Amino acid sequence: MKLVGYGNRWSVAPGETIRFMVSAEVPSYEAVIVRLIHGDTNPAGPGFKEERVPGAIEGSYLGRTQTYPSGSCVLVPSSPDFDLDATAPMTLRAWIWPTTPGDRAQGLLTRWDESRWAGYAVALDETGALAFWTGDGQGGIGRATTGVPLRAFAWYLVEAIYDPAAGSVSLSQQPVVAWPRDETAARTTAETGVRADSAGLPLVMAAWCGGDGERPPMAGHFNGKIDGPTVERGGATVAVWDFAADIGSARVTDASGRHHHGVAVNMPMRAVTGHNFSGREVCFRLAPDEYGAIFFHDDDLEDAGWEVDFAFPVPADLPSGVYAARLRAEDAEEYIPFFVRPPKGTTTAPVAVLLPTSTYLAYANEHITWRNPDSPVPHDPLDFLEPADHYVVAHRLMSAYDHHADGTGVAFSSRLRPVLNLRPKYRTALLRAPQHFAADLYLTDWLEATGHRYDVLTDDDLHAEGVDLLRSYKVVLTGNHHEYWSGAMLDAVEAYLAGGGRWMSLTGNGYYWPIGIDPARPHAIEIRRGRNGTGTWRSATGEDYLETTGEPGGLWRDRGRAPQKLVGVGMAASGFDAGLPFQRTPGSFDPRAAFIFAGVGDEPIGANGLMMGGAGGLEVDRADAALGTPPHALVVATVAGFSDSYTRAVEEVTQADGTQGGTMDPDVRGDMVFFETPHGGAVFAAGSITWTSSLSANGYDNPVSTITGNVLRAFAAAEWPP
Ligand SMILES: [Fe+2]
């Protein structure tokens, strides 16, 4: 990828400005703003469609490369309190839980500048043993080590006591759980020999400085937890950091009274169990004294922090829609999408499309599906990789589906970095078709092709503004995979429906996972996967609760908010071989549903589709009165008869006995439902991810298009019932 970039925001209104950051391995590139209509290049469909938006940013820009400051740590400002060469011995101590000891040298408590070999560091050396280094910045280095590697995923109390009078350091590493024959406990005392020049260096936890300057690059990142770091001099406390005090924020508080407060960089995971976790409680709010740890990773990344290359002030008359900055140079092309919403408090159409930006973010730079050797698809995804796929692995960009280097799940995802799968034309190696953002352009294309005016809104807007965002729309349509919801977003939809709003839920596996958002860091979402659900990792014991909000993670259905209560259907099954058409049910002949099927006979509904070849597929949702489907909801169509590639969702399986496949389990199916809500509101739920990929078949003349159009026209009308 010779061109990669990101915007400082995803949602923007006319009159506001979006800034673009670009890394280019070419001398220059051309930039233009385009409106995106259809994002799939598949010749079986309408093909790629975009429209140039003439404007001031159009032109040529100089290329430059920008880099990723990945890796989390804590920075504490420099202080003479942390200088070694005083009169009394200095002690640096912490509990640590290393997860990749021996991978390479990793910083624990450091004032170390790698570029000059200056300062001092308590670290794990390249073998994974506790070490202490001093450097004078003139080439002299003193190294002491216990010579005994620590075990991974085990708690240790580690300590370094520097004695300036003797010029020596005593190192100790003691496992918290002391087993007989454990040979990883070690103590040693060694001369350091070299003076530590740490002048001006910050005190860093879980990394060290890779240079100096205002915003030094960081290096030597530690994978693992640190708990209760302390600095003492001559028996007096200099600093003692309480990581439990500021859970959910980037603040790090020094409880010593000496104000050596710090800041956590790149969103390391907090609200994680500490060295003394007992299981007495499993929520950090109920036992904060057992949650004094921070979990650091060398691939955490909150903000790439790139320099701005150009900015686009959105003109007052630019229609709401999906747009992108398109960059081109030589054979390179990059799209940086963004969403233009109407100005706050206004609407420009009776119809709104709510695009699932929280789900885009959860999947941002996802690569586990094709790196998984047990891929569930019949083809080998490795044969269908795109340059973007290689790029995310080479630059260690993580989604909330991927795993850190130590195998633990990624809990945060930020949009202040390039998102390589948020682009038109992109096809996932898993499906060999668009998913997520590019697949949501099936809907915008159909709206344009069939003459429906629409506003574009995002999850970001809904979370921030609640029901006020939706209130003036006659009807709101969702994305094709609208999976991640904050409590505020769900509250807004409930209030919209209670007030007479009409909701077209065009998603499969929707309304599924809770997310947390820290108001001070609205560019990132947090996910704790808890104990249950279709995902790629589980939370560790005691780490189910969202640090940003204190709420339980896991599934919304396990918190009394099953999707069936909201839209009539919820996650039933997923599969990867093929999509199938829906068939009408007796409920579809109820007079209440007549408007939905005007012009539709009893032919299969969605026998073609650009994703998986059918309108019912990938993930399908079913009605279930026990989970809250309203009693008057009509199931108007069903897709069933899947192969055993489709299996029942794990949260519905109490005993895995070989009967969960599509050929055996009658609940491996998708239901399409319709029901009325108070004050003239209504819900239509398609119950499948691939529904909208069938809209354009046969020149937009097909049952999926007819049904979607019938519902949209009726829902947008003033008179009700239709
Ligand atoms: Fe999903």
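The values are calculated or read from the model by the stated rules, or taken from the named source; none is laboratory data. Computed from a predicted model, the values in this text were never measured in an experiment. Note that we place each Cβ from the backbone using ideal geometry, even for glycine, and neighbour counts take in every protein chain shown.
One line per residue, one yes/no per condition, for (1) assigned by TED's automatic domain parsing to the domain that holds Ala56; (2) surrounded by fewer than 16 Cβ atoms within 10 Å (Cβ to Cβ); (3) among the hydrophobic types (A, V, I, L, M, F, W, C):
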position: Phe312; (1), (2), (3): yes, no, yes
position: Ala316; (1), (2), (3): yes, yes, yes
position: Glu334; (1), (2), (3): yes, no, no
position: Pro343; (1), (2), (3): no, yes, no
position: Val353; (1), (2), (3): no, no, yes
position: Pro356; (1), (2), (3): no, no, no
position: Tyr363; (1), (2), (3): no, no, no
position: Pro373; (1), (2), (3): no, yes, no
position: Pro378; (1), (2), (3): no, yes, no
**OP:** Could you tell me whether Pro581 is under 26 Å from His436 (Cβ atoms) and either buried (at least 22 other Cβ atoms within 10 Å of the Cβ) or of a type outside the set (A, V, I, L, M) (or both)?
**Re:** yes
Subject >> Scan of the range 352-371 for residues that are among the small types (Gly, Ala, Ser), under 12 Å from Leu422 (Cα atoms) and away from the ligand (no atom under 12 Å from the Cβ), ordered by number >> reply: Ala364
Subject >> Residues satisfying the stated conditions in the range 670-722, i.e. buried (at least 24 other Cβ atoms within 10 Å of the Cβ), on the phi > 0 side of the Ramachandran plot and touching a helix residue (DSSP H, G or I) at 6+ places or on another chain (Cβ under 6 Å) >> reply: none
**OP:** Would you be able to say whether some residue in the range 487-501 is within 25 Å of Asn8 (Cβ to Cβ), out of contact with any helix residue (DSSP H, G or I) (no Cβ under 9 Å at 6 or more places or on another chain) and crowded, with 22+ Cβ neighbours inside 10 Å?
**Re:** no
Original post:
Are any residues in the range 588-599 under 40 Å from the mean Cα position of the chain (by Cα) and either under 19 Å from Gly614 (Cα atoms) or of a type in the set (A, V, I, L, M, F, W, C) (or both), and if so, which ones?
Top reply: Ala593, Phe595, Ile596, Phe597
Subject >> Looking only at the range 424-471, and only at residues there that are touching a Pro at 6+ places or on another chain (Cβ under 7 Å) and hydrophobic (A, V, I, L, M, F, W, C), the one that is farthest from Phe384 (Cα to Cα) >> reply: Leu441
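Yes/no matrix, rows are residues, columns are (1) more than 16 Å from the ligand (Cβ to nearest atom); (2) in a loop (DSSP other than H, G, I, E, B); (3) surrounded by fewer than 22 Cβ atoms within 10 Å (Cβ to Cβ); (4) not assigned by TED's automatic domain parsing to the domain that holds Ala287:
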residue: Gly510; (1), (2), (3), (4): no, yes, no, yes
residue: Arg521; (1), (2), (3), (4): yes, yes, yes, yes
residue: Ile525; (1), (2), (3), (4): no, no, no, yes
residue: Asn532; (1), (2), (3), (4): no, yes, yes, yes
residue: Trp537; (1), (2), (3), (4): no, yes, yes, yes
residue: Ala540; (1), (2), (3), (4): yes, yes, yes, yes
Original post:
Counting just the residues of the range 372-399 that are over 28 Å from Gly224 (Cβ atoms) and in a loop (DSSP other than H, G, I, E, B), which one comes out nearest to the ligand (Cβ to nearest atom)?
Top reply: Pro376
**OP:** Pull up the range 627-639, narrow it to residues that are surrounded by fewer than 24 Cβ atoms within 10 Å (Cβ to Cβ) and within 31 Å of the chain's Cα centre (by Cα), then point me to the one that is nearest to the ligand (Cβ to nearest atom).
**Re:** Leu627
Original post:
When the range 24-81 is examined, which residues are found to be closer than 25 Å to Met267 by Cα and either more than 28 Å from the chain's Cα centre (by Cα) or assigned to a loop (DSSP other than H, G, I, E, B) (or both)?
Top reply: Thr65, Gln66, Thr67, Tyr68, Pro69, Ser70, Gly71, Ser72, Pro77, Ser78, Ser79
**OP:** Taking Ala439 as meeting all but one of (1) closer than 17 Å to Ile517 by Cβ; (2) of a type in the set (Gly, Ala, Ser); (3) crowded, with 22+ Cβ neighbours inside 10 Å, write down the number of the exception.
**Re:** (1)
**OP:** Scan the range 438-488 for residues that are within 16 Å of the ligand (Cβ to nearest atom) and either of a type in the set (S, T, N, Q) or in a helix (DSSP H, G or I) (or both) and jot them down.
**Re:** Ala438, Ala439, Asp440, Asp459, Thr478, Asn480
**OP:** Could you check, for the range 103-125, whether at least one of its residues is acidic (Asp, Glu), touching a residue at least 60 places away in the same chain (Cβ under 8 Å) and not in a strand (DSSP E or B)?
**Re:** yes
Original post:
Within the range 332-351, is even one residue closer than 19 Å to Asn421 by Cα and free of Cβ contacts under 8 Å to residues at least 60 places away in the same chain?
Top reply: no
**OP:** Answer yes if at least one residue in the range 463-485 is touching a residue at least 12 places away in the same chain (Cβ under 8 Å), surrounded by fewer than 23 Cβ atoms within 10 Å (Cβ to Cβ), in contact with a His (Cβ under 7 Å, 6 or more places away or on another chain) and on the phi < 0 side of the Ramachandran plot, and no otherwise.
**Re:** no
Subject >> Which numbered condition Asp402 fails, given (1) out of contact with any strand residue (DSSP E or B) (no Cβ under 6 Å at 6 or more places or on another chain); (2) in contact (Cβ under 8 Å) with a residue 40 or more places away in the chain; (3) more than 15 Å from the ligand (Cβ to nearest atom); (4) over 30 Å from Arg713 (Cα atoms) >> reply: (3)
Original post:
Do we have any residue at all in the range 220-239 that's out of contact with any helix residue (DSSP H, G or I) (no Cβ under 8 Å at 6 or more places or on another chain), surrounded by 15 or more Cβ atoms within 10 Å (Cβ to Cβ), at pLDDT 95 or above and acidic (Asp, Glu)?
Top reply: yes
**OP:** Return the residue satisfying two criteria in turn: it lies in the range 596-620 and is touching a Gly at 6+ places or on another chain (Cβ under 9 Å) and among the β-branched types (Val, Ile, Thr), and of such residues it is nearest to the ligand (Cβ to nearest atom).
**Re:** Val620
